[in-house]
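The values are calculated or read from the model by the stated rules, or taken from the named source; none is laboratory data. Owing to the predicted nature of the structure, the values given are computational and were not obtained by experimental measurement. Glycine gets a Cβ as well: all are built from the backbone with ideal geometry, and neighbour counts include every protein chain shown.
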Amino acid sequence: MRAFTSLKTTAVLLVVVAALLFLNVAVPQAAVFGDDGLAEMVGTSAWKRFFLFTLRLGYLSTSPVFVVVLGVFFLNLTLVLLKRVRPTLSKLKARPRSEAGLVAWARTGGALTAPLPPAWTVAHLVDTLRGFGYRVERIGERTFRGLKHRTAAVGFLLFHLSFFLLFGGGLMIYATRFVGLVTLSEGQEFTGEYQQVLRTPPLGGPPALRFRVEEVTPRFEDGQPVYLGTLFHFPGPGVKQEARINDPAEWGPVNLLANQAGVTAVLLLRDERGFTRDRVAVPISGRVDSPTRVPVFEGRYLVSIEPQSVDRSFPQREDLATHPIELSVVRQGDREAGIAAETVFEGSLRPGGAADLGGDRLMLHELRYWVSVQVVSERGGGLLIAGFVVGIVGLIWRLMLYRREVAVVWDDETLRLVGLSEYFPERFQDELEAIFSTLLGSVKTRA
């Protein structure tokens, strides 16, 4: 048991955990590439399949290797805490010191000594030690003890406790994290239908969420995105938030991150009398090899729109009213009736323009922007932040506010100062000399 709770064992476990976390970045993960992408990387390689799938190193966060190592680490941490709680709490008590013991300590070779100043007073001694942050205790007629940062050992407990907070936060995020993608045009409301669900949490399902995209503000320079802002309107009057790249909008535990934008074409299909038969809003793809196809009027027509690539020709908002799009319209055939499909229009349209389809007319009503929104819902982030804060506070408390003890003893001729510090002996020696200099004024000598 002593070997398992030793500092060396803890250090080894920390190194192993750090190595596994490095593998989580260095080794392809299904969480990044998906199951199909990971299988494609493996191909026919037997050793890759063994490491990534059999040992589940491609699913490192849930692999047996990582789970076992993490379990052993937290077992070690728990046993270390149980072993150290009582000794740590005992250090909080100011252990009684005898006058004889302090006098003997002050007569050692490491003490600072000097002739007793003529105007020496106990009040000056107390004020000096208190000024340096020491709690002063009178042990004898000419013997005083000072104690500084008596609670420093609590930092040890806080630092180790922070790991449990981090673990709890990570576990909550794993159990509750939902990630979905949705593409919406300006003015469109989201009611819970995702185009793609990237992750479903083990506990619960998609968040209950409603919002509307008010406005999208994309800016590109030489084909490179330099800004993407999206204004979301949540339920309730005046509840609006703006999201930017790497700065999501927040609604409770849900984050909305705008990560891509493009142009939406609003199409109207009207008959000979001018009645609207169908109305569709079509987010146009930005991939140069992927035209956007959408059926209109219950599939009677198939509209294909050429991509609106993100380059120098990407329209700014002031250009949307006159920006042309290239499209073609195919009237679907009927095999049973022997009617073949035919292309009834091919060309460009600007907002307000219409294409004659031989009776029906297809009108480009307007152009808007669309935005791809990544919806992330998770809980546990607060525990992670608390864990980091508690860990940092624990380290500062333990290593910077370390425990220090001094003793001041004098007789009719000599003043002596001796001290003991947990860490940083050279720095503490400078502090002792500063205390002694203040007690004497300007005279100090080392025995």
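Regarding S61, is this residue assigned to a helix (DSSP H, G or I), at pLDDT below 85 and surrounded by 13 or more Cβ atoms within 10 Å (Cβ to Cβ)? Criteria met by S61.
Quick one: would you say V136 is surrounded by fewer than 19 Cβ atoms within 10 Å (Cβ to Cβ) and part of a helix (DSSP H, G or I)? Let's see the steps before the verdict.
Details: surrounded by fewer than 19 Cβ atoms within 10 Å (Cβ to Cβ): yes; part of a helix (DSSP H, G or I): no.
When the stated conditions are applied, V136 does not pass them.
What about V42, is it surrounded by 15 or more Cβ atoms within 10 Å (Cβ to Cβ) and more than 24 Å from L171 (Cα to Cα)?
Details: surrounded by 15 or more Cβ atoms within 10 Å (Cβ to Cβ): yes; more than 24 Å from L171 (Cα to Cα): yes.
Yes: the conditions hold for V42.
List the strands (runs of 3 or more DSSP E) that sit entirely inside region 208-314 and contain at least 2 residues that are among the aromatic types (F, W, Y) and farther than 20 Å from A355 by Cβ. Let's see the steps before the verdict.
Numbers: elements: 211-221, 224-233, 240-244, 249-251, 254-270, 276-283, 292-296, 301-305.
In region 208-314, the matching strands (runs of 3 or more DSSP E) lie at 211-221, 224-233.
Residue selection: L383 fails the criterion of being at pLDDT below 90, in contact with a helix residue (DSSP H, G or I) (Cβ under 8 Å, 6 or more places away or on another chain) and not basic (K, R).
So for region 340-357 (the condition being closer than 30 Å to W251 by Cβ and in contact (Cβ under 8 Å) with a residue 40 or more places away in the chain), does at least one residue qualify? Scanning region 340-357 turns up no residue that is closer than 30 Å to W251 by Cβ and in contact (Cβ under 8 Å) with a residue 40 or more places away in the chain.
Whether a residue is exposed (fewer than 12 other Cβ atoms within 10 Å of the Cβ), closer than 28 Å to G170 by Cα, within 31 Å of the chain's Cα centre (by Cα) and among the hydrophobic types (A, V, I, L, M, F, W, C) was assessed, and V25 passes this test. Counting only residues that are aromatic (F, W, Y) and buried (at least 16 other Cβ atoms within 10 Å of the Cβ), region 97-131 holds 1 of them. Of the strands (runs of 3 or more DSSP E) that lie entirely inside region 350-447, those containing 1 or more residues that are surrounded by fewer than 16 Cβ atoms within 10 Å (Cβ to Cβ) and outside the structural domain of A321 (by TED's automatic domain parsing) span 414-421. Here G101 meets each of (1) under 30 Å from F144 (Cβ atoms); (2) in contact (Cβ under 8 Å) with a residue 40 or more places away in the chain with one exception, condition (2). Out of S309, S304, S285, one residue alone is in contact with a strand residue (DSSP E or B) (Cβ under 7 Å, 6 or more places away or on another chain), of a type outside the set (D, E, K, R) and modelled with pLDDT under 90. It is S285.
Checked against the criterion of being modelled with pLDDT of 90 or more and under 26 Å from L70 (Cβ atoms), the candidates L184, L166, L198 yield just one match: L166. Within region 135-148, one or more residues are touching a residue at least 40 places away in the same chain (Cβ under 8 Å), of a type in the set (A, V, I, L, M) and over 17 Å from V371 (Cα atoms).
Screening the candidates T113, T54, T62, T121 for the property of being polar (S, T, N, Q), on the phi < 0 side of the Ramachandran plot, free of Cβ contacts under 8 Å to residues at least 12 places away in the same chain and assigned by TED's automatic domain parsing to the domain that holds E433 yields one hit, T121. Looking across T151, T128, T183, T113, one residue alone is among the polar types (S, T, N, Q) and part of a helix (DSSP H, G or I). It is T128.
Yes/no matrix, rows are residues, columns are (1) surrounded by 18 or more Cβ atoms within 10 Å (Cβ to Cβ); (2) over 23 Å from F220 (Cα atoms); (3) assigned by TED's automatic domain parsing to the domain that holds R379:
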site	(1), (2), (3)
P235	no, yes, yes
R244	no, no, yes
P248	yes, no, yes
L256	yes, no, yes
D278	no, yes, no
D289	no, no, no
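Quick one: would you say Q188 is surrounded by fewer than 17 Cβ atoms within 10 Å (Cβ to Cβ), out of contact with any Asp or Glu (no Cβ under 7 Å at 6 or more places or on another chain), over 30 Å from T78 (Cα atoms) and not acidic (D, E)?
On the way: surrounded by fewer than 17 Cβ atoms within 10 Å (Cβ to Cβ): no; out of contact with any Asp or Glu (no Cβ under 7 Å at 6 or more places or on another chain): yes; over 30 Å from T78 (Cα atoms): yes; not acidic (D, E): yes.
No.
Tallying residues that are over 15 Å from A249 (Cβ atoms) and hydroxyl-bearing (S, T, Y) within region 369-395 yields 1.
Of everything in region 1-26 that's part of a helix (DSSP H, G or I) and polar (S, T, N, Q), which residue is nearest to T78 (Cα to Cα)? Looking at residues that are part of a helix (DSSP H, G or I) and polar (S, T, N, Q), I get T10.
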